Amino acid sequence: MNTIDIKEMINNRKIDTFFQPIISARTKTTIGLEALSRTVCPETGNVIPFPIMMQEAIQRGLTIELDRLCREKAVENFIAIPQRHDDLLLFINLDTTIVDKGVVGSGHLMNLINRMGLKPENVVIEILEANITNTEALERFASTYREYGFLLAIDDMGIGSSNLERTMHLKPDIIKVDRALVRHVDRDYYKQEVFKSLVGLSRKIGALVVAEGIETEAEALTSLELGADMLQGFYFLKPQKIDQDTFSDFTIKIDTIAVNYKQTRIESIRQEQIALKFYNKIMETIIVELNRVSQAGFESKLTKFVNLFPALEYLYILDMNGQQVTGSVCCSEKCFRQGRKIFKAGLYGADQSLKDYYLYIKAGAERYTSRPYMSLASGNLCITESVVFRDMRNNKYILCADFNP
């Protein structure tokens, strides 16, 4: 059984620091190293991770002492890394319970940094904000350490009880997306959309995004495509002691990801362009037929084409005020979720004047193409295209088409 005497361990400073790199594929550089504290069970020789140490410290009332020792060892080992470049960041985890205890501004961390000759701007304090109940204390903590020059990161964002309001108060420099969202993100559309939402939030508040827990090349490439600025995980390196040879090992992985991301992104853009040209060709083909009839003949034409092109899910036509002048003509094979009440296609006379596919046209665009989104008509993933056309009487209308990407 792995048991430790936490007090004896702290008194004798029996803490090892392992590091895991945080990399930027776009700049092909190592941005920083996250310090992860470990100790060894004297009876079994097994490595004991920090959470188990913290549990013992909580029971003995030694959380502050353990937290400070871990930080001291992290800085000592970081400073000792050979050929460490001046811009390399040290990511350290803070026991956030000390914020609720009011241990803010004691100067311990600042004194440690000064004593070791490290600059505050080279240190990122990682905060698991879900563990903090006192929002005012969190704000004071963030303000104090930001004034010192430290960078602040929110850890494990996107799971559990992460609170967006507290995120606004913290004003982080970095948001770390939790591994639960990153795992299999390359094949999970819902995770991708949550990930993109967090990236969007980060952009609006001026924070960078780290994707944690990268274990495969596919997860790395997808995270980059979704907007991650930095990557971290076993794919690049498991937590371990760092030397110059270690840097060389994961630098090869960085170069590989950079090359593959470039190729993947170029191919993705190329496929998007091919798809858009295909959608435009379908729209032009339909409009040629619609030009030959009046409003009364629209729906029969839509019925013909929605079953002719497998890429189509819905076709419908609006007048220039945004009102539907046809029903939503559906390819029956694709509208299997239509019966569920939350998904309902627009009917004849429906007001679509607040939808982007109308508003862009009203603002002067001749054509609009949406990003992929979940259709409220069918519950399927779709892309909506809209384009202005004229009927046989020269009246203007808007043809709308939902495509399955």
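Could you compute the longest span of the chain free of GluC sites (Glu not before Pro) located in DSSP loops and having at most 15 other Cβ atoms within 10 Å, not counting the site residues?
So the longest stretch without any such site is 44-214.
Mind listing the long-range amide H neighbours of Gln323? Cut-off is under 5 Å, sequence gap 5 or more, other chains count too, H placed in the peptide plane at 1.01 Å from N.
Amide H neighbours of Gln323, under 5 Å, 5+ apart: Gln352.
Among Lys191/Lys362; Lys119/Lys171; Lys73/Lys176; Lys196/Lys277, which pairs are too far apart, with a Cα-Cα distance over 31 Å?
Pairs exceeding the cut-off: Lys191/Lys362.
Grab the Cα-Cα distance for Phe278 and Glu147, subtract it from 0.36 nm times how many residues apart they are, and report the gain in nm with one decimal.
Contour length minus the Cα-Cα distance gives 41.7 nm.
Between the DSSP loop rule and a limit of at most 13 other Cβ atoms within 10 Å, which trypsin sites (Lys or Arg not before Pro) in segment 363-405 are left?
Arg393
Work through the residues other than Leu276 whose Cβ is under 14 Å from its Cβ and net out their charges, Lys, Arg +1 and Asp, Glu -1.
Result for the local shell: +2.
Assign unit charges at the C-beta atoms only (+1 for Lys and Arg, -1 for Asp and Glu), then state the dipole size of segment 1-46 relative to its Cα centre in Debye, rounded to the nearest 20.
Dipole about the Cα centre, nearest 20: 300 debye.
Which is farthest toward the positive dipole end of segment 6-264 among Leu36, Gly149, Ala80, measuring Cα position about the Cα centre, with Cβ charges +1 (Lys, Arg) and -1 (Asp, Glu)?
Towards the positive end, the residue furthest out is Gly149.
Counting other Cβ atoms within 10 Å, which trypsin sites (Lys or Arg not before Pro) in segment 1-68 have at most 10 and lie in a DSSP loop?
Those satisfying the criteria are Arg13.
Describe numerically, in nm with one decimal, the distance between label points set 7 Å from Cα along Cα→Cβ at Ala311 and at Lys396.
Output for this residue pair reads 2.6 nm.
Any chance you could give the angle, 0 to 90 degrees and rounded to 10, that helix 50-60 forms with the longest Cα principal axis of the chain?
For 50-60 against the chain, the angle is about 60 degrees.
Based on a Kirkwood Rh over C-alpha pairs, give the Stokes-Einstein translational diffusion coefficient of segment 215-327 at 37 °C and viscosity 0.692 mPa s in µm²/s.
It comes out at roughly 176 µm²/s.
If you fit an axis through the alpha-carbon atoms of helix 217-226 and take the longest principal axis of the Cα set of the chain, what angle between them do you get, 0 to 90°, nearest 10?
60 degrees
Which distance in Å, rounded to a whole number, links the C-alpha centroids of segment 64-95 and segment 350-387?
Answer, in whole Å: 51.
Calculate the dipole size of segment 271-403 relative to its Cα centre from +1 charges on Lys and Arg beta carbons and -1 charges on Asp and Glu beta carbons; express the result in debye to the nearest 20.
Once rounded to the nearest 20, the dipole reads 120 debye.
Obtain the nm distance between the two label points defined at Glu8 and Arg367 by a simple spin-label model: each point lies 7 Å from its Cα along the Cα-to-C-beta direction.
7.6 nm
How about segment 229-314: which trypsin sites (Lys or Arg not before Pro) there are in a DSSP loop, with at most 16 other Cβ atoms within 10 Å of their Cβ?
Lys241, Arg292
R0 = 60 Å: FRET efficiency of Arg115 with Glu193, Cβ-based, nearest 0.05?
So, using R0 = 60 Å, E works out to roughly 0.85.
Counting each pair of different Cα atoms once, what's the Kirkwood radius of segment 271-403 in Å, rounded to one decimal?
Result for segment 271-403 stands at 14.7 Å.
Using +1 at the Cβ of each Lys and Arg and -1 at the Cβ of each Asp and Glu in the chain, identify which of Phe50, Gly107, Tyr190 lies farthest towards the dipole's positive end.
It is Tyr190, whose Cα lies furthest towards the positive end.
Over the C-alpha atoms of segment 14-90, what are the Rg and the largest Cα-to-Cα span, Dmax, in Å?
Rg then Dmax for segment 14-90, in Å: 14.8, 46.
Taking just the alpha-carbon atoms of segment 1-46, what radius of gyration and Dmax come out, in angstrom?
According to the Cα coordinates of segment 1-46, Rg and Dmax are 15.7, 45 Å.
Apply 1/(1 + (r/R0)^6) to the Cβ-Cβ distance of Gln244 and His169, taking R0 = 41 Å, and write down the FRET efficiency to the nearest 0.05.
The computed FRET efficiency comes out at 0.50.
Would you mind working out the magnitude of the charge dipole of the chain relative to its Cα centre, with +1 at each Lys and Arg C-beta and -1 at each Asp and Glu C-beta, to the nearest 20 Debye?
Dipole of the chain, to the nearest 20 debye: 1280 debye.
Taking the C-alpha atoms of the chain, how large are the radius of gyration and the largest Cα-Cα span, Dmax, in Å?
Expressed in Å, the Cα Rg and Dmax of the chain come to 27.9, 91.
Set the Förster distance to 22 Å, then compute FRET efficiency between Ile266 and Arg26 from the Cβ-Cβ distance, nearest 0.05.
0.95
Values in this text are rule-based calculations from the coordinates and carry no lab data. In this text the structure is predicted, and so the values were computed from the model without any measurement. Using ideal geometry, Cβ is built from the backbone for each residue, glycine included, and neighbour counts are taken over all protein chains shown.
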